[in-house]
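Worksheet: the structure to be examined is printed underneath.
The values are calculated or read from the model by the stated rules, or taken from the named source; none is laboratory data. Everything numeric here is computed off the predicted structure, so don't read it as measured data. Quick reminder, even Gly has a Cβ in these numbers, built from the backbone with ideal geometry, and neighbours come from all protein chains shown.
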Amino acid sequence: MALQYADIAVKVHPSPKSYALKGILLNNQQQREASLEVLKAGLAMDAEYYYLHYALACTYAKMGKHTKKEALAAIRKSLELNPGYRNNLRYESDFLVFEKDKEFLEIFARKKKS
């Protein structure tokens, strides 16, 4: 039912937020390729909307090891666009697959002040 409302939102009021919502719902229903398509369409509207990059990272993370590079790039971009979302990104359950991954952990390592 929620996906039907997201479809309507994308048609009636296409915005980065409506595309992000639809992409997340598709990902949650294990429709990964469809999720990527929707999220990339949203990024074509606004490549600076951090939540689209976040949702993209979640989808890539759920797709497996072959998309790790893309997932980490999307995490970095989301963090760059919205540093305040750091904890949400670090502790997102979709990223549990990366919890011991050195490259993932380095993204969130605090740099010491000189």
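Things worth noting here:
- Candidate set from segment 1-38 (those that are within 17 Å of the chain's Cα centre (by Cα) and β-branched (Val, Ile, Thr)); member that is farthest from Tyr54 (Cα to Cα): Val38
- With respect to (1) without any contact (Cβ under 8 Å) to a residue 12 or more places away in the chain; (2) surrounded by 15 or more Cβ atoms within 10 Å (Cβ to Cβ); (3) under 23 Å from Ile107 (Cα atoms), the lone exception for His66 is condition (2).
To keep it simple, each residue is scored yes or no on (1) modelled with pLDDT of 95 or more; (2) within 16 Å of Leu52 (Cα to Cα).
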site: Lys65; (1), (2): no, no
site: Ala71; (1), (2): yes, yes
site: Ala74; (1), (2): yes, yes
site: Asn82; (1), (2): yes, yes
site: Phe95; (1), (2): yes, yes
site: Lys102; (1), (2): yes, no
site: Phe108; (1), (2): no, no
site: Ser114; (1), (2): no, no
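- Single condition Leu52 does not satisfy, out of (1) more than 20 Å from Leu21 (Cβ to Cβ); (2) within 13 Å of the chain's Cα centre (by Cα); (3) of a type outside the set (Val, Ile, Thr): (1)
- Considering only residues in segment 1-54 that are acidic (Asp, Glu) and outside any helix (DSSP H, G or I), the one that is surrounded by the most Cβ atoms within 10 Å (Cβ to Cβ) turns out to be Asp46.
- Once segment 63-84 is narrowed to residues that are within 21 Å of Asn28 (Cα to Cα) and among the polar types (S, T, N, Q), the residue that is nearest to the chain's Cα centre (by Cα) is Ser78.
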